1. Is there any pair with a first residue in the stretch 126-138 that is more than 15 Å from residue 51 (Cβ to Cβ) and a second that is surrounded by fewer than 22 Cβ atoms within 10 Å (Cβ to Cβ) and not basic (Lys, Arg) whose Cβ atoms are under 7 Å apart and which are 6 or more apart or on different chains, and what are they?
2. Can you pull out the residues in the stretch 58-101 that are part of a loop (DSSP other than H, G, I, E, B) and either within 11 Å of ligand 2 (Cβ to nearest atom) or farther than 18 Å from residue 132 by Cα (or both)?
3. Please find, within the stretch 95-125, the residue that is farthest from ligand 1 (Cβ to nearest atom) out of those that are among the aliphatic types (A, V, I, L, M) and under 19 Å from residue 51 (Cα atoms).
4. Please go through the stretch 139-152 and give me each residue that is part of a helix (DSSP H, G or I) and within 22 Å of residue 25 (Cβ to Cβ), ordered by number.
5. Anything in the stretch 208-246 that is outside any loop (DSSP other than H, G, I, E, B), under 24 Å from residue 267 (Cα atoms) and of a type in the set (Val, Ile, Thr)? List them, or say none.
6. Determine which single condition residue 150 fails, assuming it passes every other condition in (1) without any contact (Cβ under 8 Å) to a residue 40 or more places away in the chain; (2) crowded, with 16+ Cβ neighbours inside 10 Å.
7. Keeping to the stretch 247-265, report how many residues are away from ligand 2 (no atom under 13 Å from the Cβ), within 21 Å of the chain's Cα centre (by Cα), of a type outside the set (D, E, K, R) and not in a strand (DSSP E or B).
8. Restricting to the stretch 38-74, count the residues that are touching a residue at least 40 places away in the same chain (Cβ under 8 Å), of a type outside the set (Ser, Thr, Tyr) and surrounded by fewer than 24 Cβ atoms within 10 Å (Cβ to Cβ).
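The values are calculated or read from the model by the stated rules, or taken from the named source; none is laboratory data. Everything numeric in this text was worked out from a predicted model, so none of it was measured. Backbone-built Cβ (ideal geometry, glycine too); neighbour counts: all protein chains shown.
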Amino acid sequence: MADQFTFQDPSKMYADISPKAMTQPGPGLDSELRDRADLGEDTYRGSDRLTGRKALITGGDSGIGAAVAIAFAREGADVALSYLPDEQSDAERIAGLIEKAGRKAVLLPGDLTDRDYCVETVDSAADQLGGLDILVCNGGKQQHCEKLDDLPAEQFDETFKTNVYALFWMTQAALRHLQPGSTILATTSIQAYQPSANLLDYATTKASINTFCKGLSQQLAPRGIRVNTVAPGPIWTPLQTAGGQPTDDLPEFGKMTPLGRMGEPAELAPAYVFLASGESSYVVGETLNVNGGMLSP
Ligand code: NAD
Ligand code: MG
């Protein structure tokens, strides 16, 4: 069985998974994706890189967050997942895979736009895991809108609350728990550098995440806590089918990258494992781009 260590041509991988023109309501479900994404279920091999760590991952039910959750568990970490109540079925499947890896899974559904939920979730994760070493702020909202004239004020507000305010609320709450050696990670995007015309609010939040984390990394490095981000390119996840892209654009999704294809969530997981583990002990304030070759500053 191929895994992340297999020698293969990256431009030819995942030829059997193609993006489909489809639309999902709400946040969307991984279980409803045609074709199903690779979260690493059969392709991620762990090697004790996070033994005994305790991690909280927002948006850990599906897509990139779920791939990170599976990888963290196979590397030896106990994992708490934050997600919306509508995503319970996806979250339970990922919890099953975490437990199958021999690790503890904690499910903490709720809404990231609610400050109380963010603070309570950090505290509950630390309480139920017996501490917290890794915080991954990955949950995010993306809704395309062609014209600024039509961008609803509520959407602008919710996108900022989900993507930026939750990062502030959760990192602040996590400082009560994180000891030296701990790591904070956030998911930004190629959109921080190359904003699409129809993702104005979303792209702006991703630039904010990048800047917040770079600044925070300077504050926390002297306390022994490292902050870094991962910036994905076009990745096949429910977010893209639930209003993230115009439905008719999906069949072409990712084809403009130098590798000529979209990425799979499983291809993101090693970047998060690297930044969470002691292997990256001298890496601080970095943005690790995982985007099929799209250049960024
Ligand atoms: P996804 O839909 O699988 O994950 C996003 C998750 O965010 C959802 O599962 C949901 O649990 C969570 N979420 C959204 N709104 C929430 C709310 N109000 N309260 C609680 N949870 C909420 O899609 P994904 O693509 O894996 O997204 C993960 C991250 O990756 C996001 O930050 C996204 O912006 C970022 N990203 C994705 C791509 C891509 O092409 N898929 C590219 C760059 C960055
Ligand atoms: Mg989801």
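1. 126/177; 128/106; 132/126; 132/177
2. Taking the stretch 58-101 first, the residues part of a loop (DSSP other than H, G, I, E, B) are 59-62, 75-77, 84, 101.
Those that are part of a loop (DSSP other than H, G, I, E, B) and either within 11 Å of ligand 2 (Cβ to nearest atom) or farther than 18 Å from residue 132 by Cα (or both): 59, 60, 61, 62, 84, 101.
3. Kept after step one, since they are among the aliphatic types (A, V, I, L, M), are these residues of the stretch 95-125: 95, 97-98, 101, 105-108, 112, 119, 122, 125.
The next check asks that each one be under 19 Å from residue 51 (Cα atoms); those that pass are 95, 97-98, 101, 105-106, 125.
Details: 95: 14, 97: 15, 98: 16, 101: 20, 105: 15, 106: 15, 125: 14 Å.
Only one residue fits best here, namely 101.
4. Step one: list which residues in the stretch 139-152 are part of a helix (DSSP H, G or I), which gives 148-150.
Scanning the stretch 139-152 gives a single hit, 150.
5. Answer for the stretch 208-246, where residues must be outside any loop (DSSP other than H, G, I, E, B), under 24 Å from residue 267 (Cα atoms) and of a type in the set (Val, Ile, Thr): 209, 227, 229, 230, 235, 241.
6. (2)
7. Keep residues of the stretch 247-265 that are away from ligand 2 (no atom under 13 Å from the Cβ), which gives 247-264.
Now narrow it down to the ones that are within 21 Å of the chain's Cα centre (by Cα): 250, 253-254, 257, 261-264.
In the following step, the residues that additionally are of a type outside the set (D, E, K, R) were identified as 250, 253-254, 257, 262-263.
Filter once more, so that each one left must be not in a strand (DSSP E or B): 250, 253-254, 257, 262.
Summing the residues that are away from ligand 2 (no atom under 13 Å from the Cβ), within 21 Å of the chain's Cα centre (by Cα), of a type outside the set (D, E, K, R) and not in a strand (DSSP E or B) in the stretch 247-265 gives 5.
8. Step one: list which residues in the stretch 38-74 are touching a residue at least 40 places away in the same chain (Cβ under 8 Å), which gives 38-46, 49-50, 53-60, 62-68, 70-72.
Those still in the list that are of a type outside the set (Ser, Thr, Tyr) too: 38-42, 45-46, 49-50, 53-57, 59-60, 63-68, 70-72.
Checking which are surrounded by fewer than 24 Cβ atoms within 10 Å (Cβ to Cβ) leaves us with 38, 41-42, 45-46, 49.
The qualifying residues number 6.
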